[in-house]
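This report concerns only the one structure given below.
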Amino acid sequence: MGNVIEAFGLVKHYGDVVALDGLDLAVPEGSVFGLLGPNGAGKTTAVSILATLLIPDSGSARVAGADVLEEPARVRERIGLSGQYAALDEHLTGFENLDMIGRLYRLGRSRSRVRARELLEVFDLSEAGNRPVKTYSGGMRRRLDLAGALVASPPVLFLDEPTTGLDPRSRLDLWGVIRELVARGSTLLLTTQYLEEADHLADRIMVIDQGRDIAQGTPDELKTLVGGERIEVTVVSSSDLPRAQEVMQRFAVGELASEVRNRKITAPISGGAAVLTRALRALDAEGVDLHDVGLRRPTLNDVFLTLTGHAAESNGTRGTSEDQPSLAGRAGS
Amino acid sequence: MMAVVHMFADAAVIAKRNMIKIKRVPEVLVFVLLSPIMFVLLFAYVFGGSINIPGGSYREFLIAGIFAQTVVFGSTFTGVGIADDIQKGIIDRFRSLPMSQAAVLIGRTASDVVYNVLTLLIMGLTGLVVGWRINSSLWEGLVGFGLLLAFAYAFSWTMALVGLLVPSVEVINNASFMVIFPVTFIANTFVPAENLPSVLRTFAEWNPISALTQAVRELFGNIPPGTPEPTAWPLQNPVVYTLIWAALIIAVFAPLASLRYQKAVKQG
């Protein structure tokens, strides 16, 4: 199977700002490629070029067998795009939006209608289908926007930050939908600011910063690079520290880090909450009293700190921190 | 050939979408219709009594001017609609679709004609109430309205380009006001061009808005008998001159707007 999306040396400047600085990409057919980076890293610029919206200053790209610069019309027949700001007509109903997109994909009147109904059903919007989009919640808009990208069942999909700004519940819903899509064999290029999201959805992740590829690999490779998951425990009394270290060493996949002064132990683990639960039981059995405990997962910030030595500089108001909150409340379950 | 059919089919889809908006946001329509009523009444009663046209009625004289000014102002709608679509990211979606790339602008300018038709209808009725009449024939009257719509359609292409260039919707209303207001005032819309000081007079005589107004006045039969023949060629041949301008504006601005459209992306 060949590469369905390929880009070579993409460069794009906006005035003095370098959005893309020689980006190369290759996405094999049927796979999910995650483009991970903070705001302003060049993710949207890359997607815009691949989706024929933007012309690069230099470089070339092929999508679904057609050259993005030479044959943009052929590319557009084979792609679906869903952006981070749901690109919908607020005054049209959900049905009218999808129907319009179907007509513009030239599906014809009746097929457009059937397809619009189908997609509303799939995205759980049937009831809201006849209401104007301006009455929709953020999550509903994203689902509808995503549905818009799927109207013509295109073989290549671009999703630009599909869950940015969504509440956790809507994000999980959308992940479910995206995973189903992928299971049906679409090739997907997804951009995100969340390592967790790329981890959940992508087969391969490229981390970009200031328009450059700074790391690439499977989610596991990246996480290994960054250090993966870890459990942090703080004991009540320093006299418990040696026993706690001994227990945690059993669950750790690498060396423990101990801060004697703060009575804190950090253990790299693999296996998430299940391992945390077992570790907590073991600590309990040893009679170690805990002051605090938490499961931490690497975030985009950790990735950046490791790879570039600087934190992910985000222009947005939303932070990139996704540290899981303390799970102490579930301890002993 | 197929490309042309597709272009019009796609433009019709876009125009339909814009029309649904008219239905769903009736507030906009109310303002579109109220301001011309206000204009007609203001001019008819505030200036109508104090400006005398020898041998005729100032109200009849100025109705054509108000029509011309209002439909030209109406073109701002085109720019606002396009800037709004860019801001909301809808143009990005359209540009990623395998649709005709000219269709979005054609559909937009076409649906804005509907606004102008409604505006003219309301203004015409208000005009009739304040005493304006078409003194020629129904046919000539319709040609007059047709000419107003044709020129407004052409002019909306200039605003299409403006809408593609400005960074936000808010800028358009101010920018267009700065341009349209003087252009529609330094003309024979509200006073005979002959009464203006020399430089302004020349500008007014060659101003296409003057020709449009003159043409509509003639077609409506609103030129008082005994009015001296205009001396400038554009005002002697106002219909031809207006159509030349309309064609010229489309020939220049439609390609410019289309080129710009190919590069339009939501910023930030």
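The values are calculated or read from the model by the stated rules, or taken from the named source; none is laboratory data. The shown structure was predicted, so the numbers you read here are calculated from the model rather than taken from an experiment. Cβ sites come from the backbone with ideal geometry, for glycine too, and all protein chains shown count toward neighbours. Note: areas computed on protein heavy atoms with side chains; ligands, DNA, RNA excluded. Shrake-Rupley method; radii C 1.70, N 1.55, O 1.52, S 1.80 Å.
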Principal-axis tilt of helix A:241-251 within chain A, Cα atoms, nearest 10 degrees: 40 degrees
Using a Förster distance of 60 Å, the FRET efficiency for A:D57-B:L200 (Cβ separation, nearest 0.05): 0.80
Coordinate range along principal axes, alpha carbons of the stretch A:18-64, Å, largest first: 31, 23, 18
Extent along principal axes [Cα atoms of the stretch B:146-268; Å; largest to smallest]: 61, 25, 22
Gaussian network model of chain B, Cα within-10 Å springs - most flexible of B:A175, B:A160, B:A246: B:A175
Gaussian network model of chain B, springs between alpha carbon atoms under 10 Å - residue of B:V71, B:V117, B:V252 with greatest fluctuation: B:V252
Point-charge dipole on Cβ atoms (K/R +1, D/E -1) for the stretch B:178-267, about Cα centre, debye to 20: 580 debye
Computed [θ] at 222 nm, helices only, for chain A once each DSSP H run of length n ≥ 4 contributes -39500 (n - 2.57): -10500 deg cm²/dmol
Computed log₁₀ I(q)/I(0) - Debye formula, equal Cα scatterers, no solvent, the protein assembly as shown, q 0.06, 0.12 Å⁻¹: -0.45, -1.13
Average partner coverage of B:15-28, which counts Cβ from other chains inside 10 Å: 3
Helix B:2-24 vs. chain B, principal-axis angle (Cα, 0 to 90°, nearest 10): 70 degrees
Among B:G163, B:G141, B:N18 - extreme Cα towards positive end, dipole of the stretch B:2-261, charges at beta-carbon: B:N18
Share of alpha-carbon pairs per 5 Å distance bin for chain B, given as whole %: 1, 6, 12, 17, 18, 15, 12, 8, 6, 3, 1, 0, 0
Cα centroid separation, the stretch B:188-251 to the stretch A:20-79 (Å): 53 Å
Net charge contributed by nearby residues that have their C-beta within less than 15 Å of B:V239 (K/R +1, D/E -1): -1
Angle between chain A longest axis and helix A:94-104 axis [Cα atoms, degrees, rounded to 10]: 50 degrees
Amide proton proximity set for A:D292, modelled H, under 5 Å, gap of 5+: A:T234
Scaled radius of gyration (Cα, divided by 2.2 N^0.38 Å) that the stretch B:111-155 gives: 1.19
HN-Hα J in Hz across the stretch A:267-277 - Karplus 6.51, -1.76, 1.60, θ = phi - 60°, x for Gly and Pro: 10, x, 9, 9, x, x, 4, 4, 5, 4, 4
Cut-off 11 Å (backbone N to label point 7 Å along Cα→Cβ of A:L225), residues of the stretch A:196-212: A:205-209
Debye-sum result for the stretch A:3-224 in log10 I(q)/I(0), which assumes one identical scatterer on each alpha carbon, at q = 0.11, 0.13, 0.16, 0.18 Å⁻¹: -0.52, -0.73, -1.09, -1.33
Share, in percent, of DSSP beta bridges within the protein assembly as shown that are antiparallel, nearest 5: 65 percent
Number of partner chain Cβ atoms within 10 Å, mean per residue of A:89-96: 4
For the stretch A:3-224, with +1 on Lys and Arg beta carbons and -1 on Asp and Glu, the positive-most of A:I205, A:Q193, A:S48 along the dipole: A:S48
Per-residue HN-Hα couplings for the stretch B:147-162 [Karplus 6.51, -1.76, 1.60; θ = phi - 60°; Hz; x = Gly/Pro]: 5, 4, 5, 5, 5, 4, 4, 4, 5, 5, 5, 5, 6, 4, 5, 4
Cβ neighbours within 10 Å from other chains - mean over B:94-106: 6
Accessible surface, 1.4 Å probe, highest first, among residues B:V46, A:V75: B:V46, A:V75
Within the protein assembly as shown: Cβ-based charge dipole about Cα centre, in debye rounded to nearest 20 (Lys, Arg +1; Asp, Glu -1): 1420 debye
Positive dipole terminus of the protein assembly as shown, leading residue within B:G127, B:T231, A:P132 (C-beta point charges): B:G127
Under Karplus coefficients 6.51, -1.76 and 1.60, residue-wise ³J(HN,Hα) of the stretch B:98-113 in Hz, glycine/proline x: x, 8, 5, 6, 7, 5, 4, 6, 5, x, 5, 5, 5, 5, 6, 4
Overall form of the stretch B:79-148 per C-alpha gyration tensor (a/c, 1.5; a/b vs b/c): prolate
Rounded Å value of the spacing that divides the Cα centres of the stretch B:5-78 and the stretch A:115-158: 37 Å
Surface accessible to a 1.4 Å probe, A:E70 within the full protein complex, Å²: 140 Å²
Charge dipole (debye, nearest 20) of the stretch B:42-105; +1 at Cβ of Lys and Arg, -1 at Cβ of Asp and Glu: 80 debye
Lysine-lysine proximity count for chain A, Cα under 30 Å, sequence distance 8 or more or distinct chains: 5
Solvent-accessible surface ranking, highest first, for A:M100, B:M38, B:M19 at 1.4 angstrom: B:M38, B:M19, A:M100
Helix-only [θ]222 nm of chain B, DSSP H runs n ≥ 4, -39500 (n - 2.57) each, per residue, nearest 500: -24500 deg cm²/dmol
Cα-Cα pairs of the stretch B:1-133 separated by more than 26 Å (percent): 38 percent
Residue of B:E229, B:E205, B:E194 that the Gaussian network model of chain B assigns the largest fluctuation, springs spanning Cα pairs under 10 Å: B:E229
Exposure ranking of B:F177, B:F67 by accessible area [1.4 Å probe, largest first]: B:F177, B:F67
